[in-house]
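Structure first, commentary second.
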Amino acid sequence: MAQIRVENLQKSFDQFTAVHGSNFTIDDGTFFAMLGPSGCGKTTTLRMIAGLELPTEGKILLDGEDVTFRRAAARDIAFVFQLFALYPHMNVAENIGFPLKCQGMGRSEIRQLVQETAKLLRIEHLLSSKTSKLSGGDRQRVALGRAMVRRPKAFLMDEPLGALDAEFRHLMCGELRDLHDRIGATTVYVTHDQLEAMSMADQIAVMNKGRVEQIGSPQEIYDRPASMFVADFIGSPPMNFLRFEGGLKSGDRTIDFHDARIAVPEIREDRASAPLAFGIRPEHIRFADTAAVRGEVFGAEYLGTTQIVTVDTAHGRLAARLPSSASVRIGERVGLEFRAERVSLFDVG
Ligand code: ADP
Ligand code: MG
């Protein structure tokens, strides 16, 4: 079991810096997701932790020990690329045991470890099957077994479910998290899919252009996004933003927003500068006849228990999540009320 710590971790390829000085600690047993759009430096970070890429600057510590220059094979970490890659000419037991055989371990010891691993994955009944006969889910369990069999201190997974269709991906997310809870090994899971990260991780690092913008639990990141980027990336539909030119004083509890007065969390001193934006999630907007922000209903998207209603206002098109039972007419004039304690304020970068 392992704690993973990166200090000022940086990676440049020629002139281009892919990772700008990351700092974070992943506690032992944590399911940690690195989340961000394509190209933000997730794979590069993961490869440095694995020992497949040397950092330009900074350190990697495993359980407090500096392993920055230790080769991958000596780090006791399993790197899972695409869970589907199996050796087609071997059966399930041989696939799972292959890394042990490469280490020169004896046959009876291999058999025992393969058995134990198969039991954890609930695929003992498949040990003598050909991999070509397996379902997609079982193939994935076998590939995971091969990564697990050496009892690594940590698992690094790079978009392992990327190639799967949505329904199957959802199933495997549940299985991976369940497996993590049974083994308890530290897991670093890279994905560009916010729903995967939100549903599986204890902690999420949201990355943008080579920088970690926020680290926190799924709920912290959702409820208190540290930047407009994070607020926009997490949540579907995304947060609504309304920009305005400052003029705030510290201690203010309302914003004069054009002709509307909007209640907000108390303005801190370091925020009392222009320009700012405030953000409000669709589920924190209500229709209220007396509300000062007004607009015309543009459309309504039915989602079962809720509907997303878009409203054109003088400040742009805003999305509100309302119960499906609310009756909404296209073209209707409505007032929008924001839940003050749910408003976030951002510096406009
Ligand atoms: P992600 O996994 O988040 O999609 P990567 O870590 O793969 O992002 O890449 C981050 C950036 O670094 C990208 O712009 C990518 O093109 C660049 N990059 C990654 N590997 C190399 C490399 N070996 N040489 C040059 N540029 C690279
Ligand atoms: Mg990648």
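The values are calculated or read from the model by the stated rules, or taken from the named source; none is laboratory data. Fair warning: this is a prediction, and the values are worked out from it, not measured in the lab. Note that each Cβ is placed from the backbone with ideal geometry, even for glycine, and that neighbours are counted across all protein chains shown.
Of the residues making up the range 289-327, those that are in a loop (DSSP other than H, G, I, E, B) and either under 22 Å from ASP232 (Cα atoms) or not hydroxyl-bearing (Ser, Thr, Tyr) (or both) are ASP289, ALA291, ALA292, LEU303, GLY304, ALA314, HIS315, ALA326. Please find, within the range 1-24, the residue that is nearest to LEU46 (Cα to Cα) out of those that are within 16 Å of ligand 2 (Cβ to nearest atom) and surrounded by fewer than 16 Cβ atoms within 10 Å (Cβ to Cβ). Among them, the one singled out is PHE13.
Tell me, please, whether a residue that is more than 16 Å from ligand 2 (Cβ to nearest atom), more than 26 Å from LEU179 (Cα to Cα) and not hydroxyl-bearing (Ser, Thr, Tyr) can be found in the range 28-40. Looking for residues that are more than 16 Å from ligand 2 (Cβ to nearest atom), more than 26 Å from LEU179 (Cα to Cα) and not hydroxyl-bearing (Ser, Thr, Tyr), one finds none in the range 28-40, hence no. When the residues of the range 25-43 are filtered to those that are more than 10 Å from ligand 1 (Cβ to nearest atom) and surrounded by 15 or more Cβ atoms within 10 Å (Cβ to Cβ), the one that is nearest to the chain's Cα centre (by Cα) is ALA33.
Out of the residues in the range 183-200 that are within 16 Å of ligand 1 (Cβ to nearest atom) and outside any helix (DSSP H, G or I), state the one that is farthest from GLU159 (Cα to Cα). Outline the logic, then answer.
From the range 183-200, those within 16 Å of ligand 1 (Cβ to nearest atom) are 188-194, 196-197; that's our starting set.
Then keep just the ones that are outside any helix (DSSP H, G or I); that gives 188-193.
Numbers: VAL188: 10, TYR189: 7, VAL190: 5, THR191: 5, HIS192: 8, ASP193: 9 Å.
It comes out as VAL188.
Of the residues in the range 222-240, not one is at pLDDT below 85, outside the structural domain of ASP28 (by TED's automatic domain parsing) and not β-branched (Val, Ile, Thr).
If you go through the range 201-241 one residue at a time, how many are basic (Lys, Arg) and within 16 Å of ligand 1 (Cβ to nearest atom)? Even if it seems obvious, please write down each step before you answer.
Step one: of the range 201-241, the residues basic (Lys, Arg) are 209, 211, 224.
In the following step, the residues that additionally are within 16 Å of ligand 1 (Cβ to nearest atom) were identified as 209, 211.
Here the count works out to 2.
Residues in the range 276-288 that are under 23 Å from PHE346 (Cα atoms) and in a strand (DSSP E or B): LEU276, ALA277, PHE278, GLY279, ILE280, ILE285, ARG286.
Filter the range 10-49 for residues that are of a type in the set (A, V, I, L, M, F, W, C), in contact (Cβ under 8 Å) with a residue 60 or more places away in the chain and assigned to a strand (DSSP E or B) and give the result. Before the answer, list the steps.
Restricting attention to the range 10-49, the residues satisfying the condition of being of a type in the set (A, V, I, L, M, F, W, C) are 13, 16, 18-19, 24, 26, 31-35, 40, 46, 48-49.
Next, from what is left, pick out any that are in contact (Cβ under 8 Å) with a residue 60 or more places away in the chain: 18-19, 24, 26, 31-35, 40, 46, 49.
If the condition is that a residue be of a type in the set (A, V, I, L, M, F, W, C), in contact (Cβ under 8 Å) with a residue 60 or more places away in the chain and assigned to a strand (DSSP E or B), then ALA18, VAL19, PHE24, ILE26, PHE31, PHE32, ALA33, MET34, LEU35 are the ones that fit.
Within the span defined as the range 147-156, one or more residues are in the same structural domain as THR30 (by TED's automatic domain parsing), within 24 Å of LEU46 (Cα to Cα) and within 16 Å of ligand 1 (Cβ to nearest atom).
Restricting the search to the range 44-95, which residues are in contact with a Pro (Cβ under 6 Å, 6 or more places away or on another chain), within 16 Å of ligand 1 (Cβ to nearest atom) and among the β-branched types (Val, Ile, Thr)? Spell out how you get there, then give the answer.
Residues of the range 44-95 in contact with a Pro (Cβ under 6 Å, 6 or more places away or on another chain): 48, 76-78, 80, 83.
Add one more test, that the residue is within 16 Å of ligand 1 (Cβ to nearest atom), and what stays is 48, 80.
Selection gives VAL80 alone.
Exactly one residue among ARG169, ARG141, ARG182, ARG151 is away from ligand 2 (no atom under 16 Å from the Cβ) and farther than 30 Å from GLY104 by Cα, and that residue is ARG169. Scan the range 230-246 and give yes if some residue there is surrounded by 20 or more Cβ atoms within 10 Å (Cβ to Cβ), touching a Ser or Thr at 6+ places or on another chain (Cβ under 7 Å) and part of a helix (DSSP H, G or I), otherwise no. There is at least one residue in the range 230-246 that is surrounded by 20 or more Cβ atoms within 10 Å (Cβ to Cβ), touching a Ser or Thr at 6+ places or on another chain (Cβ under 7 Å) and part of a helix (DSSP H, G or I). When ALA226, ALA205 are screened for being assigned to a loop (DSSP other than H, G, I, E, B) and within 23 Å of ASN23 (Cα to Cα), only ALA226 passes.
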